[in-house]
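Please read the structure below before turning to the comments.
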Amino acid sequence: MNGTGVRLAKEIPSVWLLLPERPTTQEAEKSHLERQWKSQYAWWLWWLWWCFCWRHGAHFKRLSTSPQRAVIPIDELNRLLGGDAKCSLHTLNGESLGQTVHQLAPKSTLHLFPLSTFPSDWEKAQLRTLEQTIKEKGHSVFWIQRPSMTNSWCKILSQWIRYNALTQSNDEPVHHIVLFMRRQLEDWNGFTNTTDKQRYLLEQELSTLLPTCTVQILLNAPVSKEVLSNIPQTERIFYGFLDSFGAQEDNLHPDLTHSNLTPLQPHPENISLLRMLRQHIWDSTGCAP
C-alpha cells in the first residue's frame, strides 16, 4: 500500500517476442547480407562482397518467390495469459524497434524473448545493440531463454511431425525426417562448430522422441545435396523448416531433390505452441497464477 492507504496495482510484465530478420525477396536478402558483411569485414575487403553475390546469384533469385512469414497470433497468446503479461511481436531491425523503444514510458521494464532456433552472429549483435539502446534510455531489461533451449520445444516439433505422419501416411511409412535451416552468412556452406553442436543435440533429442525414423537437420543449401542423394529413392522423407513454427515459410533449394520428398504441413491448431510460450513466460517473469 502507498502513503494514502491505496493498494498499488500489480505491474503487468511487458514481453517483447523477437523474430530474426527473414528477407523474402532477392533485393532484401542482398541488403540483409551486405549489412552483415560490412559489420564483420574491413572496408578494403568489401570488394569480396560483389564476388560473393556473383557466385550465389541463383540463391538470391529463388527468394523472389518465397512465401511471406507466418506470424504468431499475439492476441491469442495474450488471451491465454489472462492479463498475467502483455506480449508484443517485433522483428529485429533497427528502424522500427528504435522507434518503439523511443515511445516507451520512463523507466519501463522489458522482458526480451528471442524466438529463433539457432541465432546467427548477426542476430546476436542485434540483440546486444537492442539491450544497450533500451538501457541507455533508462529502462530495465530481463531476458527470457529462447524456446529451442528447452525440452518443451522438442515436444512441439515432435507433435508437428506426428500430426503429419497421421494425416499424410497413405499407408506408406515415413523413413526420414529432414528439418532445414536457412543459411546465415557464417553458415553459408556448412555449420560453424557452435551451430553444429546445437544441431547435433537437437537431432539426438528428436530421435529419442521419434524412434521409428531418422532425424536430420540440414542447411537449405546445395551443401546438403549429398546427404539427400544417399537416401534410397524408395524411402519416404518428410521435410520442413526449423524456424517456421509449423508453417511453410520458405522454399526448398532447387538443388535439393529426391523422388520421395513430402513437405510437412502446418498444424491447423497451434494451441500447443502458444501454451508452451505461455508457460515459458510465466516461469521466466514469475507471474504464474
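The values are calculated or read from the model by the stated rules, or taken from the named source; none is laboratory data. Keep in mind that this is a model prediction, so the values were computed, not measured. Cβ: placed from backbone, ideal geometry, glycine included. Neighbour counts: every protein chain shown.
Of note:
- Residue check, ARG199 among the basic types (Lys, Arg), touching a strand residue (DSSP E or B) at 6+ places or on another chain (Cβ under 7 Å) and more than 23 Å from GLU172 (Cβ to Cβ): yes
- When segment 245-274 is filtered for residues that are part of a loop (DSSP other than H, G, I, E, B), out of contact with any Gly (no Cβ under 7 Å at 6 or more places or on another chain), modelled with pLDDT of 85 or more and of a type in the set (A, V, I, L, M, F, W, C), the ones remaining, listed by number, are LEU252, LEU256.
- Those residues of segment 14-51 which are surrounded by 15 or more Cβ atoms within 10 Å (Cβ to Cβ) and either part of a helix (DSSP H, G or I) or of a type in the set (Gly, Ala, Ser) (or both), in sequence order: SER14, GLN26, ALA28, GLU29, LYS30, HIS32, LEU33, GLU34, ARG35, GLN36, TRP37, TRP49
Residues checked against (1) under 21 Å from LEU273 (Cβ atoms); (2) free of Cβ contacts under 8 Å to residues at least 60 places away in the same chain; (3) of a type outside the set (D, E, K, R); (4) in the same structural domain as SER116 (by TED's automatic domain parsing):
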| residue | (1), (2), (3), (4) |
| --- | --- |
| CYS154 | yes, yes, yes, no |
| SER169 | no, yes, yes, no |
| LEU210 | yes, yes, yes, no |
| ILE217 | yes, yes, yes, no |
| ALA221 | no, no, yes, no |
| LYS225 | no, yes, no, no |
| ASN230 | no, yes, yes, no |
| GLU235 | no, no, no, no |
| LEU242 | yes, no, yes, no |
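- Selected residue (only one of LEU242, LEU277 is modelled with pLDDT under 90 and under 18 Å from PRO114 (Cα atoms)): LEU242
- The one condition in (1) at pLDDT below 90; (2) farther than 28 Å from GLU29 by Cα that LEU206 fails to fulfil: (1)
- In segment 126-143, the residues that are farther than 13 Å from HIS102 by Cα and without any contact (Cβ under 8 Å) to a residue 40 or more places away in the chain form Cβ pairs under 9 Å with partners that are surrounded by fewer than 16 Cβ atoms within 10 Å (Cβ to Cβ) and among the β-branched types (Val, Ile, Thr), at six or more places apart or across chains, as follows: SER140/THR109; VAL141/THR109.
- Among the residues of this structure, ALA85 counts as one that is surrounded by 14 or more Cβ atoms within 10 Å (Cβ to Cβ) and either among the aromatic types (Phe, Trp, Tyr) or closer than 19 Å to PRO13 by Cα (or both).
- Residue within segment 130-137 that is more than 30 Å from GLU34 (Cα to Cα), of a type outside the set (D, E, K, R) and buried (at least 17 other Cβ atoms within 10 Å of the Cβ) present: no
- Scanning segment 123-157 for residues that are modelled with pLDDT under 90, out of contact with any strand residue (DSSP E or B) (no Cβ under 9 Å at 6 or more places or on another chain) and not aliphatic (A, V, I, L, M) turns up SER148, THR150, ASN151, SER152, TRP153, CYS154, LYS155.
- Residue list for segment 275-289, restricted to those being surrounded by fewer than 18 Cβ atoms within 10 Å (Cβ to Cβ) and not in a helix (DSSP H, G or I): GLY286, ALA288, PRO289
- Residue count, segment 215-238 (criterion: polar (S, T, N, Q) and buried (at least 16 other Cβ atoms within 10 Å of the Cβ)): 3
- Only residues that are basic (Lys, Arg), at pLDDT 80 or above and in a helix (DSSP H, G or I) were counted in segment 52-91, giving 2.
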